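Working notes, beginning with the structure itself.
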Amino acid sequence: MTDIKSKRILLVEDETINAKLGKRTLEKHGYEVIHVNTGEGAVSAVQSDPGIDLILMDIDLGHGIDGTDAAEIILKDYDIPLVFLSSHTEPEVVEKTEGITSYGYIVKNTGETVLLASMKMAFRLFEAKKKEEAKEQKLREGEERYRSIFENTGTSMFLVGSDMTIEMVNDEFICRFGYTREEVAGKIKWTELVHPDYLEFMTEQHMLRRSNECAASRGYEIKYITKSGEIRDAYLSVGMIPGTDQSIASLTDITDRKRAEQALHLKNEELVAVNEELAAMNEEFEAANEELIETNIQLEIKEQHYRTLFENTGSGIIVIEE
């Protein structure tokens with residue numbers, strides 16, 4: 001906790017004797033004291049001095065605005081612990097101050113011990129409030145960060161309850177499935193959007209994740225059904241939210257990719273068939289070529305045979321062309 005003896009106190013008191021005694025007491029215990037005697041002076045002091053750590057505010061301040069009015073003006077714009085210091089003990093007065101601030105109400109002349117203890121309590125309450133505000137701020141920042149991620153991932157995100165009812169969806173989900181938020185949130189079970197072929201599998205996986213809070217996020221290829229009845233392909237990733245019975249799911253549509261893969265697969269099959277046909281034709285060509293070569297060889301052999309006979313008959317042979 002911050003050292004209370006380094007604190008600067010604004011003492012708002014119109015009675016001179018009480019102001020001097022109060023200032024002396026506080027300074028004796030290490031506090032730095034600024035004194036004003038009017039409500040307007042208190043407002044001006046806070047506006048001009050950002051280092052004030054606590055205000056001790058008398059209620060009756062003579063002419064001008066009283067302590068409660070001054071407190072309301074100050075606390076509207078400044079977050080400073082303010083303790084009322086008054087001789088009033090009427091319930092209605094005390095209740096009015098409680099509606100302005102919750103840091104304390106000290107009855108005058110109750111003694112130095114009560115004054116110092118009340119101030120210390122006010123500091124503790126203020127520090128506790130600041131810590132709580134810091135926690136809430138971090139929580140809000142975390143919620144905003146996760147909401148931003150939820151809304152801007154580029155995939156269909158949705159929150160699923162223990163009974164598989166969809167509790168929250170993002171804009172991409174609405175765009176992809178064709179439903180409005182009012183039609184989905186709290187009204188449709190995720191199983192109603194899964195193709196029947198995958199329903200049993202998805203239900204088993206949901207129960208498995210619920211039985212194991214530490215289960216890691218799992219991914220599956222499934223088919224889902226849009227509001228218009230179109231069946232599309234998707235990659236679904238689902239994980240349990242620790243400490244809850246909810247699941248967070250991310251669905252990426254892969255219909256176009258699957259269709260492209262199927263078209264490519266068909267094209268590859270066509271190319272394989274063409275290649276096989278070309279290979280068969282090539283084999284036929286090679287066989288015909290081999291047969292032609294063999295025929296040419298046989299003709300050359302016969303031609304050589306007849307030429308030999310022609311040259312070696314031992315008699316004259318005349319070839320007459322018509």
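A few remarks follow.
- Here the Karplus relation 6.51 cos²θ - 1.76 cosθ + 1.60, evaluated at θ = phi - 60°, turns the backbone of the stretch 148-165 into coupling constants of 4, 4, 4, 8, 10, 7, x, 10, 6, 10, 8, 9, 10, x, 4, 9, 6, 6 Hz, with x for every Gly and Pro.
- Straight Cα distances below 16 angstrom link LYS20 to the lysines LYS28, LYS108, with same-chain residues fewer than 8 positions distant left out.
- Whole-number percent relative contact order across the chain, with pairs defined as alpha carbons under 8 Å at least 6 apart: 9 percent
- The GluC sites (Glu not before Pro) of the stretch 42-106 include none that DSSP puts in a loop with a beta carbon having at most 12 other beta carbons within 10 Å.
- Vicinal HN-Hα couplings computed from phi for the stretch 65-79 (Karplus, 6.51 cos²θ - 1.76 cosθ + 1.60; Hz; Gly/Pro x): 6, 8, x, 5, 5, 4, 4, 5, 5, 5, 6, 5, 10, 10, 9
- Of all DSSP beta bridges in the chain, antiparallel share, percent nearest 5: 60 percent
- Pairs of Cα atoms farther than 38 Å apart, the chain, %: 60 percent
- Summary of the geometry: the stretch 106-178 and the stretch 242-286, compared by the centres of their Cα atoms, lie 49 Å apart.
- Of the trypsin sites (Lys or Arg not before Pro) found in the stretch 105-214, those in coil by DSSP whose Cβ has at most 13 other Cβ atoms within 10 Å are LYS187.
- Excluding same-chain neighbours fewer than eight residues apart, the lysines reachable from LYS187 by a Cα-Cα span under 30 Å are LYS223, LYS227.
Every read-out reported here was derived from the displayed coordinates using simple, explicitly stated rules and does not represent laboratory data. Computed from a prediction, not measured in an experiment: that's the story for all the values here. Positions of Cβ are backbone-derived with ideal geometry, glycine not excepted, and every protein chain shown enters the neighbour counts.
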